[in-house]
Amino acid sequence: MKASRVDSGVDRVRVRELKRAEDARFRDARPRSAALLERGRRVMPNGVPMAWMVGSYHHLPLWVASGEGARFTDVDGHMYRDFNIADLSMFCGYAPEPVVRAVSDRVARGNQFMLPVEDAIVVSEELARRYGLRKWQYTSSATHANTEAIRVARVATGREKVVMFDGKYHGHFDEALVELDETGEVVIEERGVPGDTVAGTVLVPFNDPAALARALEGRDIAVVLTEPAITNNIGLLLPDAGFHDEL
Ligand SMILES: Cc1ncc(COP(=O)(O)O)c(C=O)c1O
């Protein structure tokens, strides 16, 4: 076979062959994951409980049996060291013993009453001690927390628009499902989001105080959503020294 070469000297045909062979080897070694995906397709779009679980990887989605610490095992018995720990959401690792004990104990006594339990005070006291914010409210997802935070800001300021940083991921709600296109225009990121959402969200490059100042000039912004470092959609983008102070 004729090798196609580019300036870098990389043999792309050979790379594609290797990729195909490795994909096949990966799949052949995971027959139970493949079978579960087929079974899942009958009852879930893309065969998985959240459709992106298929799109996030360039290979067959792994079906997990269990995890412990920074490792998990798939249903075919392969063990993985997990450097991502579910996008850091499992930052204590998988199944840490104190958490398993506390959650099991709570569930065994009933886990949801639509009424408060004393644990809520214990947790709020500890969060207040650690983070220096006096009062706490709870939601079951970061999407919901950000949605509520934006509403609170609108009520507090009497303004409606929201500033976010380009490359952010703040959750699956309309205002956050916009992005900059190649011309720098804010555009809808996903189908199903109303077209006028773009008017309510201003996207600014991270680490650019001048662009941020321009966005705030009109004094019509209710809130700036940010993170200590921008994560998720663009990997990890650290703040320049002083950027958060400027913000
Ligand atoms: C920075 C950030 N904000 C919000 C979210 C959304 O979290 P949830 O899935 O709990 O709504 C994520 C999830 O990856 C996140 O990384």
> Which value, in Å to one decimal place, does the Kirkwood hydrodynamic radius take for the stretch 12-61 when every pair of different Cα atoms is included?
Replying inline: 11.9
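Counting other Cβ atoms within 10 Å, keep those with at most 14, restrict to DSSP loop, and tell me which chymotrypsin sites (Phe, Trp or Tyr not before Pro) in the stretch 87-125 are left.
Here the chymotrypsin sites (Phe, Trp or Tyr not before Pro) that fit, given the DSSP loop and packing criteria, are F91, F113.
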> Between the stretch 184-247 and the stretch 1-78, how many Å separate their Cα centres?
Replying inline: 34
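Which whole number in µm²/s is D for the stretch 1-97 by Stokes-Einstein, with the Kirkwood Rh taken over Cα pairs at 25 °C and 0.890 mPa s?
Numbers: Rh = 15.7 Å.
Translational diffusion coefficient: 156 µm²/s.
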> Given 10 °C and 1.306 mPa s, how large is the Stokes-Einstein diffusion coefficient of the stretch 104-181 in µm²/s, with Rh as the Kirkwood radius over Cα pairs?
Replying inline: 103
> Given a Förster distance of 35 angstrom, what is the FRET efficiency for E190 paired with R109, based on the Cβ-Cβ distance and rounded to 0.05?
Replying inline: 0.30
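Quick one: work out the % antiparallel among DSSP beta bridges in the chain, nearest 5.
65
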> Based on the alpha-carbon gyration tensor of the stretch 142-246 and its eigenvalue square roots a ≥ b ≥ c, which shape applies: rounded if a/c is under 1.5, prolate if not and a/b is larger than b/c, or oblate?
Replying inline: rounded
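Assign unit charges at the C-beta atoms only (+1 for Lys and Arg, -1 for Asp and Glu), then state the dipole size of the stretch 1-159 relative to its Cα centre in Debye, rounded to the nearest 20.
On the way: 26 positive and 19 negative charges, 127 e Å.
Dipole about the Cα centre, nearest 20: 600 debye.
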>> If exposed means no more than 16 neighbouring beta carbons inside 10 Å and the site is in a DSSP loop, what's the longest run of the chain without any exposed trypsin sites (Lys or Arg not before Pro)?
In response: 43-108
> Going by how many other Cβ atoms sit within 10 Å of their own, how do D11, D87 line up, fewest first?
Replying inline: D87, D11
> Can you pull the percent of Cα pairs in the chain with separation above 33 Å?
Replying inline: 41
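Tell me the relative contact order for the chain as a rounded percent, counting alpha carbon contacts under 8 Å between residues six or more apart.
On the way: 257 pairs, mean separation 27.0, N = 247.
Averaging sequence separation for qualifying contacts and normalising by length gives 11 percent for the chain.
We did not get these values from a lab; they are worked out from the coordinates using the rules stated. The structure presented is a predicted model; accordingly, all values stated were derived computationally and were not measured. Please note: Cβ atoms are built from the backbone with ideal geometry, for glycine as well, and neighbour counts cover all protein chains shown.
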